[in-house]
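This report refers to the structure that appears directly beneath it.
The values are calculated or read from the model by the stated rules, or taken from the named source; none is laboratory data. From a predicted model like this one, the values you see are computed outputs, not experimental measurements. Here the Cβ positions follow ideal geometry from the backbone for every residue, glycine too, while neighbour counts run over all protein chains shown.
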Number of protein chains: 4
Amino acid sequence: MSGKRVAVIGASGYGGLQTLRLLLGHPELEITFLGGERSSGKRWSELVPFLPLPTDLVVSSPDPEAIAAAADLAVLSLPNGLASQLVPPLLQRGVRVVDLSADYRYSSLAQWQEVYGAEARQYPRSDSALCEEAVYGLVEWESPERIAAARLVAAPGCFPTASLLALLPFLKQGLIETRGIVIDAKTGTSGGGRAAKENLLLAEAAEAVAPYGVVGHRHTSEIEQLAGQVAGHGVQLQFTPHLMPMVRGLLATVYARLRDPGLTAEDCTVLLGAAYRHSACVAVLPVGTYPSTKWVRQTNRALLSVQVDKRTGQLIVMSAIDNLVKGQAGQGVQCLNLMAGLEASTGLPLAPFYP
Amino acid sequence: MSGKRVAVIGASGYGGLQTLRLLLGHPELEITFLGGERSSGKRWSELVPFLPLPTDLVVSSPDPEAIAAAADLAVLSLPNGLASQLVPPLLQRGVRVVDLSADYRYSSLAQWQEVYGAEARQYPRSDSALCEEAVYGLVEWESPERIAAARLVAAPGCFPTASLLALLPFLKQGLIETRGIVIDAKTGTSGGGRAAKENLLLAEAAEAVAPYGVVGHRHTSEIEQLAGQVAGHGVQLQFTPHLMPMVRGLLATVYARLRDPGLTAEDCTVLLGAAYRHSACVAVLPVGTYPSTKWVRQTNRALLSVQVDKRTGQLIVMSAIDNLVKGQAGQGVQCLNLMAGLEASTGLPLAPFYP
Amino acid sequence: MSGKRVAVIGASGYGGLQTLRLLLGHPELEITFLGGERSSGKRWSELVPFLPLPTDLVVSSPDPEAIAAAADLAVLSLPNGLASQLVPPLLQRGVRVVDLSADYRYSSLAQWQEVYGAEARQYPRSDSALCEEAVYGLVEWESPERIAAARLVAAPGCFPTASLLALLPFLKQGLIETRGIVIDAKTGTSGGGRAAKENLLLAEAAEAVAPYGVVGHRHTSEIEQLAGQVAGHGVQLQFTPHLMPMVRGLLATVYARLRDPGLTAEDCTVLLGAAYRHSACVAVLPVGTYPSTKWVRQTNRALLSVQVDKRTGQLIVMSAIDNLVKGQAGQGVQCLNLMAGLEASTGLPLAPFYP
Amino acid sequence: MSGKRVAVIGASGYGGLQTLRLLLGHPELEITFLGGERSSGKRWSELVPFLPLPTDLVVSSPDPEAIAAAADLAVLSLPNGLASQLVPPLLQRGVRVVDLSADYRYSSLAQWQEVYGAEARQYPRSDSALCEEAVYGLVEWESPERIAAARLVAAPGCFPTASLLALLPFLKQGLIETRGIVIDAKTGTSGGGRAAKENLLLAEAAEAVAPYGVVGHRHTSEIEQLAGQVAGHGVQLQFTPHLMPMVRGLLATVYARLRDPGLTAEDCTVLLGAAYRHSACVAVLPVGTYPSTKWVRQTNRALLSVQVDKRTGQLIVMSAIDNLVKGQAGQGVQCLNLMAGLEASTGLPLAPFYP
């Protein structure tokens, strides 16, 4: 029998808050431990008066012993690098982990250390074996059995989630060229976390659209890793994120060149539909209907749509998710579900509160 | 001596309002006629209590005789198609026109009729000669003398303005491939005009990012027309606009493949800087500084930045403008200035009110 | 046994959409009819691709016979005046109604006709008896038995809901003066509905705060009606709504003079807590914690907080709700629940997706 | 001859940025010194790439000697308390000061120390004489000659500016009761400054309206000080600020009881118009037209409107300003103008860029 008691570490950040909100409405999983460094010792109801939990827990320092005593599963919503300090002691104590950070998303520790240089210097690591063992939790493209059996799941980043859901069906079928792919992505400011930063102030970020991390953004290599695996050979892509004046939502507009110029948008829509036929959390829109991030806000759903330009031979795949749900906490809960022996989509909201 | 009395037709729409606001602070041009169908007969101060004009004019039906009696120059901010009904009678009466609509942006009437099919059916036209005569008012790329001498100037669309300013220096020098160009553009909702539409309601458009007009948006052909002229041969590009949850601002992220893989971002920045050395309304940011639409809000300035990805061989040019100023009314005033014998940037704001 | 099949009339407006979203997650009530004039004949999945219903119904013209054949209960989300044309034939056919419009909120038809003059002229009515029969569906202040037994429930307006929840406990206890009460209310733009209006465009309403309907707003009399009943004598108040640059949320800041200058904020908080001890959808915050509309967004919860100014003798009660949920559709579902023999809060979300 | 060289201290905060933007368009005043602690040593063009100054100054530590060498006038945009450390040495060196902080807004140092307790403990002061000497820079209600001759001007707070402009004409004429006044104020988040704070993040503050500082907000006593002086006796009021999901703009909705129940809205509008007939920066709207903060955005204008409720005897005055311009930097420039021997409104924008 799989344990269903869950610890949430980093409870008052956005990843933690969102995980708690999802678990709050969950029919099977139970919140039994709240971990946080800054808010340690505070009663939850004082800290977050607007989100009452069934049991008014006190936030505790994330001590592995205490977590292991209280929980079977732990969701870690911690800064990159810091997560890697907590994961090994948790696994040693039998706590299975869903890590929302980037620490175990690469099967190679060396690659992580290269891509996350600053964090690697701050947090020396030698857990290569764990990096290899960790399962990449993109539920729609990983074997459910592997996730169900995993000790450690690395939940994908928000940009990789939206991008990979759009790209992988075409890469798998070999329908697009693996050079010259452009991913132009747009995200709300909550993706930057809850820690106060000047550029994320409403006064700065409202009425503003701007690119950032142009060329070499960390998520590029994360996307290329799985894309390459599915394509069967290296994939090279141009990924450019943009900050949007909104709280939540992420749209990836993916441009790729079709190998077969005869393919139509309808063909590609059929193909995409087939790829996600059994995925409760992914839906494909009819040709000519384009996804709005608002249509998936506060849901664990990804909405995809395809268009083809006969004139230029380009395939355009649009992919909208909520960056904090399907792009983070919701995906984490999908993994928790599988690890607890449940259906992946158990307890996850799929319908938005519109408008 | 060039006349400096200006009529603004379509005064209470966003193009008209913005033109009036710019003329209000103008040292030389004078507002002498306000035209509008719906608000005809109303005193300006009642209609728009927050924008007092030096003379509290009454809005009049846009009668060519009356306009010609009052003004030397006219700015037309009318729906596509409708503008073409007013331009010929104005020119006949000696009024020189800056048209903010798309009606004279193509040198071929047949192309306009194909691209703007619905408008072409509603407004039958036979003014091919005027289409050929009209000067495309992208001041930075047109001869100032031609605009100064023109009877009719077609102000470019907002997306073409941002896109062309980014692309043309590279096309002119032959530095990028003319196939496979991707323009991923993001605009605020004011680009959709002031007429009430459900999708532009705050309740719909706030907290939402979505693509629209994917494949075949009208501005594609407008961009390709001038791009092809400057490149010296046909250019084919993929243009995808996205609606952003903000009032103003437009960002075009342009992806193109460099012909010479040895070019660096610094090289490209130098080249871009040289291209706009004498353009008061275009500035190039240093490598690594990316433009925010907020940095140009309510100014007539375009901010450009370049990045190069060695790995993929892609050039990325980012171009930010205010869609209602450099993308519409401000560009119109640049043209008016030249037509009135002034410096193009006379009276135009270049510094934003931040934040 | 109470029927649980529900018809939603006016399905694609905000009230209808929100009702459907709430029923979608409801464990007992079933959506069996979608009514709408403009979208009649359209399949729901085409009309609203982002909110799949269990059964992909076709929207029908709201014919009383058809509604009665399909449903036991109907929620009407129609323009004021129009609802009164549909309610009598529905009741005659045994369909019990929750009306989200203002048509049955006054027990006196004459008063409605005075307050809603334009609508009264457009829709002549003679259903005085129904106005008297209708139960005002402010669940926390009406007898649950009366609502459970009602044929017709008039769901309160959004402003009255927030205002009355704040005022009634103090009026009932006779703790505040019934003259000089000031209600300064702030609402998101979704309160204005989904029909396109210029002033609700994002370009107009974003970055803008303004009062409207100053002196004599219709909700003034609606608030005074129930306030007077609970106080036991006439109450006169100043109600001023303001439009906020956001989609959802309503905050009423209520100012009243305390009769007993010795009362503290703590006393008043205890009193308020006692008044709502058994109300699952109302919570009282500790002194010094003030409600944000964001804390109740997309929930059916009202959050109240009290402050007292010793110096001035003023009581300040702050009341935050989601205007489309507790202020409209959620309140409607509370009533439906009681009418169907369920707990009032069945199936209603009380925890927000923050941020 | 009055000196016109201006130092701006705290240049990269919002008050400083806004002051610089206004001086940039100013025909007479010249920016000759940029002071800042954190950005000391940085070239302006690197620090703020979007706001080029005529001379690309280097930001310097705010050393009184250096300031005195470079400037005749200084605008201080520093945290409360800190300003009081710099003002005396500047005055000693002959630099005249406009202080945007609260440090010299009270004529009594003791009162400042009581209201600003934390700052008073951090910054011990003994400059009582300066507190008495300082002129309160609400230009419309202070003698222009006093400001013109002042060594030290304390620019009013944003809330006091909007509130006092609304209240003073009625208090001066004795038309309203001086007890029971309610000021319900709404401000954009830029009022909280540029330093990063969690509650001002876009993810927190967007789609949210909430009160703060309920009962006893510091601006209460600032408003009461001048209100009492103009009324000729003590005035007691209830002031409640609310945070709005927008960048700029401040609306004060002021409720007061009319002494003479016969006064109409039209009467009060005439009176208000008369009070501000000679004030270029204040305009009164016709009865029934209510001010939007958007109508004054990025201008130094205050827009007022009056309504009267016959039924309740309440006067409602609505007052909209831009919190960073008329509520801060623009008001500072009005004072600078007078001190430099110019018209108060010289170089100040009065027309908004709408939308």
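Within the range B:5-35, can you find the residues that are at pLDDT below 95 and closer than 23 Å to B:Glu65 by Cα? The answer is B:Ser12, and nothing else.
Within the range B:5-50, the set of residues being of a type in the set (A, V, I, L, M), within 11 Å of chain D (Cβ to nearest Cβ) and under 23 Å from the mean Cα position of the chain (by Cα) comprises B:Leu17, B:Leu20, B:Leu22, B:Leu23, B:Leu24. Filtering A:Arg105, A:Arg125 for residues that are outside any helix (DSSP H, G or I), surrounded by 14 or more Cβ atoms within 10 Å (Cβ to Cβ), touching a residue at least 60 places away in the same chain (Cβ under 8 Å) and among the charged types (D, E, K, R) leaves a single hit, A:Arg105.
Looking at C:Glu145, C:Glu140, C:Glu177, just one residue is over 25 Å from C:Asp267 (Cβ atoms) and among the charged types (D, E, K, R), and that residue is C:Glu145. Checking each residue in the range D:108-122 for being assigned to a loop (DSSP other than H, G, I, E, B) and not aromatic (Phe, Trp, Tyr) picks out only D:Ser108.
Restricted to strands (runs of 3 or more DSSP E) entirely inside the range D:280-355, those with at least 1 residues that are of a type outside the set (Gly, Ala, Ser), touching a residue at least 24 places away in the same chain (Cβ under 8 Å) and touching a Phe, Trp or Tyr at 6+ places or on another chain (Cβ under 6 Å) are D:282-284, D:314-321.
Residue under question is A:Arg21, and the condition is that it be within 16 Å of A:Gln331 (Cα to Cα) and touching a residue at least 12 places away in the same chain (Cβ under 8 Å); does it hold? Against the criterion (within 16 Å of A:Gln331 (Cα to Cα) and touching a residue at least 12 places away in the same chain (Cβ under 8 Å)), A:Arg21 qualifies.
Screening the range A:323-355 for residues that are touching a strand residue (DSSP E or B) at 6+ places or on another chain (Cβ under 7 Å) and within 14 Å of chain C (Cβ to nearest Cβ) and picking the one that is nearest to A:Thr178 (Cα to Cα) gives A:Gly327. Taking the criterion of being hydrophobic (A, V, I, L, M, F, W, C) and buried (at least 22 other Cβ atoms within 10 Å of the Cβ), the residues of the range D:1-22 that qualify are D:Val6, D:Ala7, D:Val8, D:Ile9, D:Ala11, D:Leu17, D:Leu20, D:Leu22. The set of residues in the range A:242-270 being touching a helix residue (DSSP H, G or I) at 6+ places or on another chain (Cβ under 6 Å) and among the hydrophobic types (A, V, I, L, M, F, W, C) consists of A:Val247, A:Leu250, A:Leu251, A:Ala252, A:Val254. In the set (1) surrounded by 17 or more Cβ atoms within 10 Å (Cβ to Cβ); (2) touching a strand residue (DSSP E or B) at 6+ places or on another chain (Cβ under 9 Å), the condition left unmet by C:Ala120 is number (2). If you check B:Leu243, B:Leu263, B:Leu226, B:Leu237 for being under 18 Å from the mean Cα position of the chain (by Cα), more than 13 Å from B:Lys186 (Cβ to Cβ), away from chain D (no Cβ under 14 Å) and not basic (Lys, Arg), only one passes: B:Leu226. A single entry from D:Leu82, D:Leu91, D:Leu171 fulfils the requirement of being buried (at least 20 other Cβ atoms within 10 Å of the Cβ) and either modelled with pLDDT under 95 or not polar (S, T, N, Q) (or both): D:Leu171. Selection of the range C:183-227 for residues being acidic (Asp, Glu) and either outside the structural domain of C:Ser319 (by TED's automatic domain parsing) or touching a helix residue (DSSP H, G or I) at 6+ places or on another chain (Cβ under 7 Å) (or both) yields C:Glu198, C:Glu204, C:Glu207, C:Glu222.
Being away from chain B (no Cβ under 11 Å) and under 24 Å from D:Ala203 (Cα atoms) holds for only one residue in A:Pro160, A:Pro169, A:Pro211, and it is A:Pro160. Looking only at residues in the range D:301-355 that are acidic (Asp, Glu) and out of contact with any Lys or Arg (no Cβ under 7 Å at 6 or more places or on another chain), the one that is surrounded by the fewest Cβ atoms within 10 Å (Cβ to Cβ) is D:Glu343.
Checking each residue in the range C:266-289 for being within 22 Å of the chain's Cα centre (by Cα) and within 12 Å of chain A (Cβ to nearest Cβ) picks out C:Ala280, C:Ala283, C:Val284, C:Leu285. The single condition among (1) closer than 23 Å to D:Leu51 by Cα; (2) more than 7 Å from every other protein chain (Cβ to nearest Cβ); (3) among the small types (Gly, Ala, Ser) that B:Ser292 does not meet is (2).
Just one of the listed residues (B:Gly188, B:Gly180) is surrounded by fewer than 24 Cβ atoms within 10 Å (Cβ to Cβ), within 12 Å of chain A (Cβ to nearest Cβ) and either at negative phi or of a type outside the set (Ser, Thr, Tyr) (or both), namely B:Gly180.
Note on the range D:191-208: residues that are within 7 Å of another protein chain (Cβ to nearest Cβ) and assigned to a helix (DSSP H, G or I) total 6.
Given the structure, is A:Leu91 closer than 24 Å to A:Tyr136 by Cβ, under 17 Å from the mean Cα position of the chain (by Cα) and away from every other protein chain (no Cβ under 14 Å)? No, not satisfied. Cβ separations smaller than 8 Å between residues 6+ apart or across chains give no pair from the range B:55-75 residues that are closer than 26 Å to B:Leu338 by Cβ and of a type in the set (Phe, Trp, Tyr) to residues that are part of a loop (DSSP other than H, G, I, E, B) and modelled with pLDDT of 95 or more. Residues in the range D:231-278 that are in a helix (DSSP H, G or I) and surrounded by fewer than 17 Cβ atoms within 10 Å (Cβ to Cβ): D:Glu266, D:Asp267, D:Val270, D:Ala274.
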